[in-house]
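What follows is one structure encoded as structure tokens, with my remarks underneath.
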Amino acid sequence: MMLREWDGGDADLSRAADLYAEVFSEPPYGDDPATSRESFIERATRYARTKPAFRLLLAEDDDLMVGLVLGIGTDHGDWWRDRVAEAVDAETRRSWLAAECFFVNELAVSQPYRRQGVAARLMEQVLAALPYDTALLTCYAEADATRRFYAAQGWSEIVCGFRVGSSPELCLLARRTP
């Protein structure tokens, strides 16, 4: 298996979007694959142009796309960061959201490749050599296996059971960067 950064090309982005749509159509997410695919392409393209420390890492086994992780640098004024900040108390904002931080937006691994270290390797690589002290992510509160994975990777649940707009209940996780 090989890990590499997205080369900026449409072919890789299309393959990554296919994987994203596959993974997030599964329970507990249940997203519409076509909508997920389109939104992933739009989001990754926009973030690559506009967000600091944009990283899209891909995991491949031969020619098969088996995993991805997407993360960005965030600061005050970032829509998602500001919505998350509203969900936490003042002390948590001071501890985890006071300065710029890195936000892991997406992590997806194809079903046959789960529990083989792919996600751990992707997460380790995306967090390596960041210019930020903290990293944050959100996950569905009902995604128990996902929450256990993040806990095993050193992430701490900061708050659980909040919503952003019409989202399902979310958990905010954080960790200090290496």
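Which residue, of ALA34, ALA17, is in contact (Cβ under 8 Å) with a residue 12 or more places away in the chain and surrounded by 13 or more Cβ atoms within 10 Å (Cβ to Cβ)? First the steps, then the outcome.
Values: ALA34 fails: surrounded by 13 or more Cβ atoms within 10 Å (Cβ to Cβ).
Result of the check over ALA34, ALA17: ALA17.
State all residues of the stretch 120-135 that are among the charged types (D, E, K, R) and not in a helix (DSSP H, G or I); if no residue qualifies, say none. Can you show your working first?
So in the stretch 120-135, the residues among the charged types (D, E, K, R) come out as 121, 124, 133.
Passing the criteria: only ASP133.
Matching residues to (1) in a helix (DSSP H, G or I); (2) modelled with pLDDT under 95; (3) among the polar types (S, T, N, Q):
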{"residue": "VAL66", "(1), (2), (3)": "no, no, no"}
{"residue": "GLY77", "(1), (2), (3)": "no, yes, no"}
{"residue": "THR92", "(1), (2), (3)": "yes, yes, yes"}
{"residue": "PHE102", "(1), (2), (3)": "no, no, no"}
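Report whether or not VAL88 is open to solvent by less than 60 Å² (accessible area, probe 1.4 Å) and not in a strand (DSSP E or B). Spell out the reasoning first.
Working: open to solvent by less than 60 Å² (accessible area, probe 1.4 Å): yes; not in a strand (DSSP E or B): yes.
The answer is yes for VAL88.
Scan the stretch 1-59 residue by residue and report those that are among the aromatic types (Phe, Trp, Tyr), modelled with pLDDT of 95 or more and out of contact with any Asp or Glu (no Cβ under 6 Å at 6 or more places or on another chain).
TYR20, PHE40, TYR47, PHE54
Six or more apart or on different chains, Cβ under 6 Å: which pairs go from a residue in the stretch 111-136 that's within 28 Å of ARG94 (Cα to Cα) to one that's assigned to a helix (DSSP H, G or I) and modelled with pLDDT under 95? Could you list them?
Final answer for the pair search is THR134/TRP96.
The values are calculated or read from the model by the stated rules, or taken from the named source; none is laboratory data. None of these values were measured; they are calculated from a predicted model. All Cβ positions, even for glycine, are placed from backbone atoms using ideal geometry, and neighbour counts span all protein chains on display. All accessible areas refer to the heavy atoms of the entire protein, side chains included, with ligands and DNA or RNA removed. Shrake-Rupley method; radii C 1.70, N 1.55, O 1.52, S 1.80 Å.
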